[in-house]
Amino acid sequence: MTFTQEKTLADEVRADFPILHQEVNGKPLVYFDNAATSQKPLFVLNTLRDYYEQYNSNVHRGVHTLSAKATDAYEAARDKVVKFINAASRQEIVFTRNATEAINLVAYSWGMNNLQPGDEIILSVMEHHSNLVPWHFVAQKTGAVLKFVELTPEETFDLEQFNKLISDKTKLVSVVHVSNTLGCINPVKEICAIAHKYGAKVLIDACQSVPHMPIDVQQIDCDWLVASGHKMCAPTGIGFLYGKLELLRSMPPFLGGGEMIADVFLDHSTYADLPHKFEAGTPTIGEVIGLGAAIDYLTGIGMDKIYTYESELTSYLFEQLGQIPEIRIYGPKPKVAGLGRAALAAFTASNVHANDLSTLLDQEGVAIRSGHHCTQPLHRYLVIPATARASLSFYNTPEEIDVFIKALKETLDFFGSFST
Ligand SMILES: *Cc1c(COP(=O)(O)O)cnc(C)c1O
């Protein structure tokens with residue numbers, strides 16, 4: 001093992017996550033489904049509890065004390081997001097229910113209003129359904145054409161092919177930063193630089209990068225970026241959209257109602273300033289405050305430290321999986337990926353279906369996912385029906401990888417003894 005410290009980051013933080021300390025099917029839980037949703041530390045749970053116990057109140061409307069306190073906490077969470085991803089202004093951060101809603105906001109507000117027949121949208125074959133289906137809607141409605149970046153032989157984003165696909169017809173490039181299936185880290189800064197040369201806008205789906213590495217939207221120079229709170233230690237029901245100020249200013253509202261207006265008349269209305277223009281109705285106040293707490297918690301550890309530790313976990317995971325000949329892992333090997341690789345492995349076993357693998361591992365207390373992980377087109381591209389996926393977080397340990405590998409080997413042996 002090549003862990004740089006005797007006491008790992010996981011050793012320091014595990015006590016913060018009550019849910020990890022339980023048995024599942026009589027075995028200690030090994031939670032390796034972090035790419036689907038992360039667990040929440042006590043600090044976030046207590047922040048939610050404090051909000052509901054002590055100052056639950058609607059925001060932006062009341063002058064009474066509780067409402068002022070809730071509004072302050074809600075807006076303070078926005079400032080935390082701003083700092084966390086280095087946005088230039090608090091007006092650039094819009095709270096949404098999740099990343100999916102944030103992409104739909106851009107698709108409806110910008111896509112439906114700015115694209116014409118023959119305009120091109122470049123996506124990639126590794127996109128999550130959330131970054132495909134909204135663009136299907138836009139293409140169907142506007143006549144825009146969808147183009148797809150494929151994979152290199154190492155199963156990473158093919159930048160060379162992207163360079164050939166892009167042209168003056170390209171109006172939008174919308175790509176994932178870190179693939180939730182391949183684990184590759186895509187060269188988003190280069191993608192933005194290339195796209196901007198052609199005058200195209202770029203949306204980055206950062207669901208799998210924001211929770212695991214430092215992110216700087218000004219350095220990436222993306223036009224929009226989206227993420228979901230529930231994958232970064234925050235509650236479900238909260239995500240955010242980052243957008244460059246002038247661009248967000250130029251976009252019409254997506255949903256209409258309270259909170260997003262300046263003045264309302266019977267037959268028309270004027271809109272509130274950014275970011276409230278895009279936050280119609282009572283927001284998910286507790287969840288936003290919970291997201292702020294999650295950011296405090298992650299920042300307290302340090303995103304660099306999280307990335308370094310998870311990279312060590314990745315190497316160890318690959319080393320161990322590599323010793324099982326029946327296993328085929330998708331996406332780049334940690335060494336091949338010049339940009340690094342996320343701490344997850346989607347794989348198939350030659351003689352066992354992914355669903356059987358995850359069912360049997362669950363009997364050993366090991367939670368992994370099986371299926372298409374909302375990347376059905378990618379699975380079709382790779383000509384596989386499903387993969388099993390182990391996805392790790394900074395609170396996972398090398399010992400848990402050992403438990404997972406042992407259970408996996410036993411499962412494969414069990415099936416092997418039938419087939420021979
Ligand atoms: C999870 C995920 C999404 C969608 O997130 P929701 O929280 O379901 O909106 C989109 N893209 C990627 C890469 C994801 O991992």
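Answer yes or no as to whether A193 is away from the ligand (no atom under 14 Å from the Cβ) and open to solvent by 10 Å² or more (accessible area, probe 1.4 Å).
yes
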- Item | Candidates Y395, Y381, filtered to the one that is at pLDDT 95 or above, out of contact with any helix residue (DSSP H, G or I) (no Cβ under 7 Å at 6 or more places or on another chain) and of a type in the set (F, W, Y) | Y381
- Message: Anything in the range 122-171 that is in contact (Cβ under 8 Å) with a residue 60 or more places away in the chain, acidic (D, E) and open to solvent by less than 40 Å² (accessible area, probe 1.4 Å)? List them, or say none.
- Response: E127, E155
- Query: Just wondering, is there one or more residues in the range 277-287 that are surrounded by fewer than 18 Cβ atoms within 10 Å (Cβ to Cβ), touching a residue at least 60 places away in the same chain (Cβ under 8 Å), in the same structural domain as A73 (by TED's automatic domain parsing) and of a type in the set (S, T, N, Q)?
  - Reply: yes
- Hits in the range 89-112 - residues which are under 14 Å from C207 (Cβ atoms) and open to solvent by less than 10 Å² (accessible area, probe 1.4 Å): T96, A99, A102, I103
- Message: I need a count of the residues in the range 13-42 that are in a strand (DSSP E or B) and either in the same structural domain as S209 (by TED's automatic domain parsing) or charged (D, E, K, R) (or both).
- Response: 3
- Of I220, I261, which residue is in the same structural domain as N98 (by TED's automatic domain parsing), open to solvent by less than 40 Å² (accessible area, probe 1.4 Å) and among the β-branched types (V, I, T)? I220
- Message: Any residue at all in the range 112-125 that's within 13 Å of the ligand (Cβ to nearest atom), outside any strand (DSSP E or B), hydrophobic (A, V, I, L, M, F, W, C) and closer than 21 Å to F157 by Cβ?
- Response: no
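Determine whether A68 is within 16 Å of the ligand (Cβ to nearest atom), open to solvent by less than 50 Å² (accessible area, probe 1.4 Å) and either touching a residue at least 40 places away in the same chain (Cβ under 8 Å) or in a helix (DSSP H, G or I) (or both). Walk me through it before giving the result.
Numbers: within 16 Å of the ligand (Cβ to nearest atom): no; open to solvent by less than 50 Å² (accessible area, probe 1.4 Å): yes; either touching a residue at least 40 places away in the same chain (Cβ under 8 Å) or in a helix (DSSP H, G or I) (or both): yes.
Answer is no for this residue.
Taking H268, is it over 30 Å from I185 (Cα atoms), out of contact with any strand residue (DSSP E or B) (no Cβ under 7 Å at 6 or more places or on another chain) and at pLDDT 95 or above?
Numbers: over 30 Å from I185 (Cα atoms): yes; out of contact with any strand residue (DSSP E or B) (no Cβ under 7 Å at 6 or more places or on another chain): yes; at pLDDT 95 or above: no.
For H268, the condition - over 30 Å from I185 (Cα atoms), out of contact with any strand residue (DSSP E or B) (no Cβ under 7 Å at 6 or more places or on another chain) and at pLDDT 95 or above - is not met.
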- Query: Can you pull out the residues in the range 207-231 that are more than 10 Å from the ligand (Cβ to nearest atom) and in a strand (DSSP E or B)?
  - Reply: W224, L225
- Task: Mind listing whichever residues of the range 37-59 are open to solvent by less than 70 Å² (accessible area, probe 1.4 Å) and in contact with a helix residue (DSSP H, G or I) (Cβ under 7 Å, 6 or more places away or on another chain)?
- Result: T37, S38, Q39, P41, V44, T47, L48, Y51, Y55, S57, N58, V59
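The values are calculated or read from the model by the stated rules, or taken from the named source; none is laboratory data. In this text, all values refer to a predicted model and were calculated from it rather than measured experimentally. For neighbour counting, all protein chains shown are included, and Cβ atoms are generated from backbone atoms with ideal geometry for every residue, glycine included. Please note that ligands, DNA and RNA were not included when accessible areas were found on the heavy atoms of the full protein model with its side chains. Shrake-Rupley method; radii C 1.70, N 1.55, O 1.52, S 1.80 Å.
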